Amino acid sequence: MTNAAGQHRYGGRRTLTAGLLLLAIGLGANYLLERHDVFMLWEQPSYPGSWSEVIYPPLCFLLAATGAFLLIGGAMRRPWVAFGVAIPLTALYSLFFIVMQFAQTGDPLGECPALTQAASNSQVIPMSKAFQGSAAVSCGVGRRGVFLVLYNDMTVYGVTDPEAQEHVLEDIANRHRQAHTHPVRVSFYEEENWSVQQGKNGVTFGKRGPEKLIRVASVG
């Protein structure tokens, strides 16, 4: 009887330890990937954004939810509850995550114009081929991570020198500190691949081609 009780307590401690580890890994991985997308350079996306931004939040949610329910289930001596609840809950969360990503439009933060101006003030960004009279920099807003944190996503073209990149980042960081903006992710592309083509009806239109990503940096 004593051995059975001891084994049960040992099993309960192992369940609680596993729950704590899964919870910590899920939240920790989300924090790191939310701030630093280590997959973008490997994927080389033509436009800001990465497939990992859609994949890792549900995975981190699953790990964290399983860990949390293991803690609850272990305390209740029913650890199997964690697996029975975490999986369908993750499916619901994934649906919610996708809907929220597509629901957002425009610039809800209103911080992009000032951030774009700050980057342009660095005087190291070439003029845009797509938007005449403007520097080759753009800005948008996205949601990242399990908690759908709002970020400013900036794209800079044609700045390949590391020192010049640091100059751009410093100006953006100064604006971030002064105005207390949301975090900013800056993607540097080797050059802007923009061409003007003529359609069958004689109307000309611009087309963006493949572009090489060379660096991704986070501010804030």
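A short reminder: the numbers here are calculations on the coordinates, not readings from a lab. On a predicted model such as this, the values are computed, not experimentally measured, just so you know. Don't worry about glycine lacking a Cβ; one is built from the backbone with ideal geometry, like all the others, and counts go over all protein chains shown.
Quick look at the values:
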{"read-out": "Antiparallel content of DSSP bridges confined to the range 115-220, in %, to 5", "value": "75 percent"}
{"read-out": "Residue among Val196, Ala173, Val219 farthest towards the positive dipole end of the range 154-220, charges placed on Cβ", "value": "Val196"}
{"read-out": "Equivalent-ellipsoid semi-axes of the range 121-220, from the Cα gyration tensor, Å, largest first", "value": "28, 17, 12"}
{"read-out": "Bridge type composition, the chain - antiparallel percent by DSSP, nearest 5", "value": "75 percent"}
{"read-out": "FRET efficiency for Glu43 and Leu95, using Cβ-Cβ distance with R0 set to 30 Å, rounded to 0.05", "value": "0.80"}
{"read-out": "Amide hydrogen neighbours beyond the local backbone of Asp153, cut-off 5 Å, H modeled", "value": "Gly140, Val141, Gly142, Arg185"}
{"read-out": "Whole-number percent relative contact order across the chain, with pairs defined as alpha carbons under 8 Å at least 6 apart", "value": "19 percent"}
{"read-out": "The chain: Cys lacking any partner C-beta under 4.7 angstrom", "value": "Cys60"}
{"read-out": "Positive-pole candidate from Gly142, Val54, Tyr93, dipole of the chain, charges at beta carbon", "value": "Tyr93"}
{"read-out": "Hydrodynamic radius by Kirkwood, which averages 1/r over all alpha carbon pairs of the range 165-220, in angstrom", "value": "13.8 Å"}
{"read-out": "Likely footprinting exposure, Arg144, Arg215, fewest C-beta neighbours within 10 Å first", "value": "Arg215, Arg144"}
{"read-out": "Charge dipole magnitude, Cβ of K and R +1, D and E -1 - the range 91-220, Cα centre, debye nearest 20", "value": "480 debye"}
{"read-out": "Relative contact order (percent, whole number), the range 22-153, Cα cutoff 8 Å, 6+ residue spacing", "value": "23 percent"}
{"read-out": "Karplus 3J(HN,Hα) series, Hz, for the range 127-140 with 6.51 cos²θ - 1.76 cosθ + 1.60 (x for Gly, Pro)", "value": "6, 6, 7, 7, 10, 4, x, 10, 5, 7, 9, 9, 8, x"}
{"read-out": "The range 93-189, relative contact order [Cα under 8 Å, separation at least 6], %", "value": "28 percent"}
{"read-out": "Check: the chain dipole with +1 on Lys, Arg Cβ and -1 on Asp, Glu Cβ, in debye", "value": "1160 debye"}
{"read-out": "R0 of 30 Å, Cβ-Cβ distance Leu20-Glu191: FRET efficiency to nearest 0.05", "value": "0.05"}
{"read-out": "For the chain: Kirkwood Rh in Å [reciprocal of mean 1/r, alpha carbons]", "value": "20.1 Å"}
{"read-out": "Mean Kyte hydropathy of 1.6 or more with a Cα span along the axis of at least 15 Å, helices from DSSP in the chain", "value": "80-103"}
